[in-house]
Ligand code: PMP
Ligand code: GLU
């Protein structure tokens, strides 16, 4: 059949379940179905006006018409240097920065730059859906280390040590975490960072949710903890989540100049620079007024604090209260048992079909007993969704 045309690489790859779930919800809505979509991790606010205007004027006066240096406009790199001084508390140089078409592409060029066939990358799990497949595209081996609700979805150094082999090249660290919302403390990060330094393992710190923390919880960048850890770490960040700029597609990486140069080299043969107008918008996002970031953060916090207790009352749903990002990740093992399901993807599909609530199956996150709800949507939708989940369980 037609599939014979396709490469083993793509045949062995999973589709992004987050994007697939969102697309399914959109298609059903377009057919006129009454669907509440809690699928995508995407802020529902318009991009702040000052950021929009920065891009608009770059377009109007012709600055956005042309390619930039692949690794990004010098002014954008300077903005990232200044951002690091302010939010990370340390000094970096422009040659330690490369920007890309979304943090997702920064991650991809990182794995492509450091992974040789057969190299292993340890990923604490539950984890975001794209790490494993990107590592596989680079012919590496993702090694999943399971964290559970019992230890607040966080792995220990002992667990990491038992997963370590001679082939371990990278540790993926995503705190605050998608999908669990958990945040590692400075103490935990120091132990993990020292372990990585001791064994010469690169740390990939995906800090994209660092500004989205709630109820007094704090984000500590692992790269800020010591000089030795910093040398070993590539930080991935971006504007999608904190500035409500998912559609603009801009992420960046900060770290060792040689790795950064390798990542730019890959971008130079694939995407070239990220969209020029977007880069001007990102300069304004990172250096302009930050009050809109705080307004959006407070809105997410209010949604979390409203919806968490309600979700906890849904029969069979066990929820750990998240500390950051914008996801709830209930364990639905009991709920599945009550409804006669053993497969969480089938359970998620049944919820969509019977009560029109679109969630993401935990399966893609390495969590076969969980579902993910994004609360990056308005409170009315969230409240109605929980009512429908209750209805589903009580039917
Ligand atoms: N890392 C994590 C953990 C994410 O949830 C996302 C969500 N898209 C990304 C990276 C990529 O973000 P983007 O490509 O929109 O910058
Ligand atoms: N990161 C968001 C999510 O997990 C957006 C979709 C994606 O890139 O996976 O929903």
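Every number in this text was worked out from the coordinates using simple rules, so none of it is lab data. This structure is a prediction, so every number in the text was calculated from the model and none was measured. Don't worry about glycine lacking a Cβ; one is built from the backbone with ideal geometry, like all the others, and counts go over all protein chains shown.
A few remarks follow.
- The residue list 183, 201, 259 contains one member that is away from ligand 2 (no atom under 16 Å from the Cβ), in contact with a strand residue (DSSP E or B) (Cβ under 8 Å, 6 or more places away or on another chain) and under 30 Å from residue 54 (Cβ atoms), which is 259.
- Those residues of the stretch 156-188 which are free of Cβ contacts under 8 Å to residues at least 40 places away in the same chain and either surrounded by fewer than 15 Cβ atoms within 10 Å (Cβ to Cβ) or away from ligand 1 (no atom under 16 Å from the Cβ) (or both), in sequence order: 156, 157, 158, 159, 160, 161, 162, 166, 185, 186, 187, 188
- Those residues of the stretch 231-242 which are more than 9 Å from ligand 1 (Cβ to nearest atom) and under 14 Å from the mean Cα position of the chain (by Cα), in sequence order: 235, 242
- Check on residue 73, surrounded by fewer than 23 Cβ atoms within 10 Å (Cβ to Cβ), closer than 29 Å to residue 374 by Cβ and in contact (Cβ under 8 Å) with a residue 40 or more places away in the chain: no
- Boolean, residue 364 is within 16 Å of ligand 2 (Cβ to nearest atom) and touching a helix residue (DSSP H, G or I) at 6+ places or on another chain (Cβ under 6 Å): yes
- Test: residue in the stretch 91-104 that is within 16 Å of ligand 1 (Cβ to nearest atom) and closer than 30 Å to residue 389 by Cα: no
- Hey, residue 267 under 19 Å from the mean Cα position of the chain (by Cα), buried (at least 22 other Cβ atoms within 10 Å of the Cβ), more than 16 Å from ligand 2 (Cβ to nearest atom) and touching a residue at least 60 places away in the same chain (Cβ under 8 Å) or not: no
- Selection count, the stretch 295-329, where residues are in a helix (DSSP H, G or I) and under 11 Å from residue 214 (Cα atoms): 9
- Selection count where residues are out of contact with any helix residue (DSSP H, G or I) (no Cβ under 6 Å at 6 or more places or on another chain) and either without any contact (Cβ under 8 Å) to a residue 40 or more places away in the chain or under 17 Å from residue 146 (Cβ atoms) (or both), scope the stretch 197-217: 5
- Summed over the stretch 257-286, residues that are in contact with a helix residue (DSSP H, G or I) (Cβ under 7 Å, 6 or more places away or on another chain) and farther than 29 Å from residue 60 by Cα total 6.
- Of the helices (runs of 4 or more DSSP H) lying entirely inside the stretch 69-137, those containing at least 1 residues that are within 16 Å of ligand 2 (Cβ to nearest atom) and in contact with a strand residue (DSSP E or B) (Cβ under 8 Å, 6 or more places away or on another chain) are 103-114, 130-137.
- Residue within the stretch 27-48 that is more than 30 Å from residue 352 (Cβ to Cβ), in contact with a helix residue (DSSP H, G or I) (Cβ under 6 Å, 6 or more places away or on another chain) and surrounded by 14 or more Cβ atoms within 10 Å (Cβ to Cβ) present: yes
- Residue 113 being within 16 Å of ligand 1 (Cβ to nearest atom) and on the phi < 0 side of the Ramachandran plot: no
- Of all residues in the stretch 363-373, one or more are within 16 Å of ligand 1 (Cβ to nearest atom), closer than 12 Å to residue 21 by Cβ, in a helix (DSSP H, G or I) and touching a residue at least 12 places away in the same chain (Cβ under 8 Å).
- Any chance residue 377 is within 16 Å of ligand 2 (Cβ to nearest atom), outside any helix (DSSP H, G or I) and closer than 20 Å to residue 23 by Cβ: yes
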